[in-house]
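Worksheet for the structure shown next.
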Amino acid sequence: MSGNHNHSHEVKLTIITPTFQLLDMIYWNVHRSRVRYAPDFSVETIIVDGGSDPYIANGLKKLEESEIPDVRVITVPGNKHDSFNMNAACKIARGKYVVKIDSDVLVRNKIFWTDLMNALENNPSDLIGTSLTKTWTRGNGNLLGGWCLAWMNNSELLWDETYFGYGPSDMDFCLQFLNRGSKIIKITDRGIQHLGGILDGLFYVKSKEQMKKENKANHDIYMAKWEKKLPEIKGFL
């Protein structure tokens with residue numbers, strides 16, 4: 001058994017991937033980022049399982065016993081949204097830098113790691129996104145969706161757990177950087193691929209109609225909070 005968690009070396013990058021009710025996709029994701037197109041520097045992977053059923057949860061746990069070193073699988077029960085999952089992983093991340101790679105984002109070339117690390121090391125106080133990431137424009141700030149975001153590990157930077165779903169919590173996380181006087185920088189996506197939509201109807205154990213109703217109601221609540229935050233924005237993309 002490997003599952004070799006070596007704490008003696010400095011970890012350059014922590015990869016965080018939140019998931020729920022996905023197994024094959026996570027194996028594919030991890031194999032591409034850690035084996036087929038593995039970076040040439042020290043890295044750890046944290047898979048955050050939102051409380052999948054026992055078959056999938058046990059399958060994910062087997063990643064810790066694989067030949068891929070420094071893979072940890074943690075569980076945040078209750079199928080909560082990404083903010084809870086991201087915070088659980090961020091609090092134990094050992095990397096100098098952190099990158100969130102969603103389960104439906106696949107590394108397809110080692111050039112991705114070169115582009116990412118160059119951006120992080122040349123802009124250590126900023127938030128790095130990719131050109132495949134959706135951009136929302138609100139007021140004078142442009143914020144990125146969280147399919148693939150990277151930043152320097154900082155215990156003060158946590159995700160707001162009062163928000164629902166994905167987009168809003170991603171946007172709020174971006175706002176933290178803008179409010180600190182940092183920038184949000186987009187690099188090319190020549191080394192990754194976003195499959196998109198693969199989680200629709202899977203991540204939530206609810207009907208799509210119910211999802212739409214709840215998301216609309218939550219979005220209205222979120223936007224009311226967002227409008228109050230507009231004057232706080234101090235940076236641009």
Failed condition for E44, given (1) within 25 Å of N154 (Cβ to Cβ); (2) assigned to a helix (DSSP H, G or I): (2)
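Going by the structure shown, is S42 touching an Asp or Glu at 6+ places or on another chain (Cβ under 8 Å) and within 24 Å of K91 (Cα to Cα)? Give the derivation first.
Details: touching an Asp or Glu at 6+ places or on another chain (Cβ under 8 Å): yes; within 24 Å of K91 (Cα to Cα): yes.
So S42 fits the description; yes.
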Got at least one residue in region 29-39 being part of a loop (DSSP other than H, G, I, E, B) and surrounded by 16 or more Cβ atoms within 10 Å (Cβ to Cβ)? yes
I need the strands (runs of 3 or more DSSP E) fully contained in region 52-171, keeping only those with at least 3 residues that are modelled with pLDDT of 80 or more and buried (at least 22 other Cβ atoms within 10 Å of the Cβ). 97-101, 127-130, 148-152
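The values are calculated or read from the model by the stated rules, or taken from the named source; none is laboratory data. In this text, all values refer to a predicted model and were calculated from it rather than measured experimentally. Glycine gets a Cβ as well: all are built from the backbone with ideal geometry, and neighbour counts include every protein chain shown.
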